[in-house]
Amino acid sequence: MGTNAEVAAFYDTQAQRKLRDFVYANRRVECAWKTVCEWCVAPAPSRILEIGCGVGSVSWRLSRKFRTAEIVGVDFSRGNLSIANIVFTGPNLRYVLMSADDPFVLGGFDAVILMDVYEHIAVEQRRKLHENIRRSLSATGRLVVTVPTPRHLDWLRTNQPSEIQPIDEDITPGVLCTLASDLGLDVLMYREVDIWRQGDYAHAVIGRSGFPEPSHQTRSAQIVRRLVTLGRATRLVRMGIKV
């Protein structure tokens, strides 16, 4: 797995790839972006935090979409943030260098984004990250998480092992339920999406029950909450269909 410094050094080398994702509109990122926009619009957020912002392209897009909101991007790669502060800047956007282990003292946010980041957090570091997220979410705040599904990581390990990063943990629906429980919140939405293969990525939204939801997600969210209550997290698969 390597030390924090070694992992940060790895991500320093990924800046060019992240810039290419932005220029050529990586399908994985674009699909995740649609979910973020779908679940962050009501009510209009005043502050948004992106954890693991990389070179800042998504934080920048957030700053352009929500022009009256303050956007904060957090990353522990000094190299990535040096690019972010040159390429992706804006009057309502700032970046902070810190890791998941550092205590967040950034105030409350209406939305926290983990776009293809949570799988790269070591299991032993999750508790501290959960504490940071809980501290960062406002009373009505939402957490949006996008991750590769375990079956996609299994496929990569067998067929494209060079694509596996220093830390690449399997994120199951049960893991996301544990995250929600640690935050004292509920899983409002879970769905698998097809990027390059069927069900290769999963999107989830965690927040407080009773908070208004997009109308076409209501039944899906009710099913998710019922299954969570019954402790049957393994059946939270492909529940994000429109009904």
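So the values come out like this:
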{"quantity": "Candidates Ala44, Ala84, Ala69, Ala25, filtered to the one that is among the small types (Gly, Ala, Ser) and touching a Ser or Thr at 6+ places or on another chain (Cβ under 7 Å)", "calculated": "Ala69"}
{"quantity": "Qualifying residue in region 118-139 (condition: touching a residue at least 60 places away in the same chain (Cβ under 8 Å), part of a loop (DSSP other than H, G, I, E, B) and within 17 Å of Leu176 (Cα to Cα))", "calculated": "yes"}
{"quantity": "Filtered residues of region 167-181 (kept if out of contact with any Asp or Glu (no Cβ under 7 Å at 6 or more places or on another chain) and under 24 Å from Arg28 (Cα atoms))", "calculated": "Ile167, Asp170, Thr172, Pro173, Gly174, Val175, Leu176, Cys177, Leu179"}
{"quantity": "Count - residues of region 117-135 that are out of contact with any helix residue (DSSP H, G or I) (no Cβ under 7 Å at 6 or more places or on another chain) and closer than 21 Å to Glu38 by Cα", "calculated": "2"}
{"quantity": "In region 184-202, residue least open to solvent (accessible area, probe 1.4 Å) [restricted to those that are of a type outside the set (A, V, I, L, M) and assigned to a strand (DSSP E or B)]", "calculated": "Tyr190"}
{"quantity": "Residues being within 22 Å of Leu129 (Cα to Cα) and surrounded by fewer than 24 Cβ atoms within 10 Å (Cβ to Cβ) - total across region 52-71", "calculated": "2"}
{"quantity": "Residue in region 140-157 that is surrounded by 16 or more Cβ atoms within 10 Å (Cβ to Cβ), over 21 Å from Val29 (Cβ atoms) and touching a residue at least 40 places away in the same chain (Cβ under 8 Å) present", "calculated": "yes"}
{"quantity": "Count - residues of region 77-100 that are under 20 Å from Val144 (Cα atoms) and out of contact with any strand residue (DSSP E or B) (no Cβ under 7 Å at 6 or more places or on another chain)", "calculated": "2"}
{"quantity": "Among (1) under 14 Å from Val147 (Cα atoms); (2) open to solvent by 20 Å² or more (accessible area, probe 1.4 Å) - the single one Arg208 does not satisfy", "calculated": "(1)"}
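Here's the yes/no breakdown for (1) hydrophobic (A, V, I, L, M, F, W, C); (2) without any contact (Cβ under 8 Å) to a residue 60 or more places away in the chain; (3) within 22 Å of Ala32 (Cα to Cα):
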site: Gly56; (1), (2), (3): no, yes, yes
site: Gly79; (1), (2), (3): no, no, no
site: Ser82; (1), (2), (3): no, yes, no
site: Pro91; (1), (2), (3): no, yes, no
site: Asp102; (1), (2), (3): no, yes, no
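The values are calculated or read from the model by the stated rules, or taken from the named source; none is laboratory data. Owing to the predicted nature of the structure, the values given are computational and were not obtained by experimental measurement. Glycine gets a Cβ as well: all are built from the backbone with ideal geometry, and neighbour counts include every protein chain shown. Calculation scope for accessible area: heavy atoms of the full protein, side chains included, ligands and nucleic acids excluded. Shrake-Rupley method; radii C 1.70, N 1.55, O 1.52, S 1.80 Å.
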